[in-house]
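I have placed the structure first, in the form of structure tokens, so that the comments after it can refer back to it.
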Amino acid sequence: MPLSLHSFDLSVIIPVYNGGENLRRCLASLEKALPAPIEIIVVTDGEGDGAWRVAEYFKVRLLRIDGPGGPARARNMGAEIARGEIFLFLDSDVSIYPDTIGKIAVTFQKHPHLAAVFGSYDDDPFETNFTSRFKNLFHHHIHQTSNEIASTFWGACGAIRKDVFRRLGGFDERYKRPSIEDIELGLRLKEGGYPVTGVS
């Protein structure tokens with residue numbers, strides 16, 4: 001069956017607390033995505049720095065919740081209202097390339113057994129300070145040289161089938177701050193026999 005990127009049914013879910021300029025860059029990058037997602041949901045985890053105003057400017061679906069309660073809860077709440085068959089979770093400080101969603105679509109359509117895929121840091125990080133560049137390049141190296149079939153998940157840029165996500169109960173909301181909630185979900189994917197791979 002031929003691949004059809006135009007009918008790819010994907011919702012983007014972005015938890016944010018104090019998103020600032022990073023959120024603006026994230027949403028601006030999504031405007032250039034081909035194919036476009038069917039919706040972009042920004043979940044503001046408490047008022048923070050007023051990130052909801054940025055979301056309103058970009059005319060995305062906005063869910064404002066009391067917080068901060070952590071990205072696990074915010075992602076789950078976004079997923080509850082999402083319409084897509086694939087959920088793409090992005091952190092608010094992640095910008096994607098125009099072809100990122102297309103690559104995710106091709107991967108899922110070529111490999112219908114896959115439950116989830118996740119992206120990779122690139123080798124030209126936006127941040128110029130040494131610590132941020134080192135961490136980004138280190139993660140880029142790990143993502144590019146690891147086994148193709150993964151035993152983890154990456155919530156900063158990770159896509160998962162809706163039915164699998166709901167079957168597993170989503171992210172563990174006991175993690176009240178940014179932590180290993182995405183890795184923990186990856187472990188449950190692996191234990192449940194759900195294949196995960198990286199996309200570069």
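Note on R161: accessible area is roughly 50 Å² with a 1.4 Å probe, heavy atoms of protein only. Bridgeable lysines around K110 (alpha carbons under 28 Å apart, same-chain partners fewer than 8 residues away excluded): K32, K162, K190.
A 1.4 Å probe over all protein chains sorts F87, F58 by accessible area into F58, F87, starting with the largest. For region 161-200, a Kirkwood hydrodynamic radius built from all Cα pairs, placed in the Stokes-Einstein relation at 25 °C and 0.890 mPa s, yields a translational diffusion coefficient of 224 µm²/s.
Near E85: Cβ cut-off under 9 Å, other residues only, Lys/Arg at +1 and Asp/Glu at -1. The net charge is +1.
A straight chain from I65 to Q109 at 0.36 nm per residue would run longer than the Cα-Cα distance by 12.4 nm. Taking a Cβ cut-off of under 15 Å around L63, the surrounding Lys, Arg, Asp and Glu residues balance to a net charge of +1, with basic ones at +1 and acidic ones at -1.
The values are calculated or read from the model by the stated rules, or taken from the named source; none is laboratory data. Predicted, not measured: the structure shown is a model, and the values here were computed from it. Quick reminder, even Gly has a Cβ in these numbers, built from the backbone with ideal geometry, and neighbours come from all protein chains shown. Surface accessibility is based on the protein's heavy atoms, side chains included, excluding ligands, DNA and RNA. Shrake-Rupley method; radii C 1.70, N 1.55, O 1.52, S 1.80 Å.
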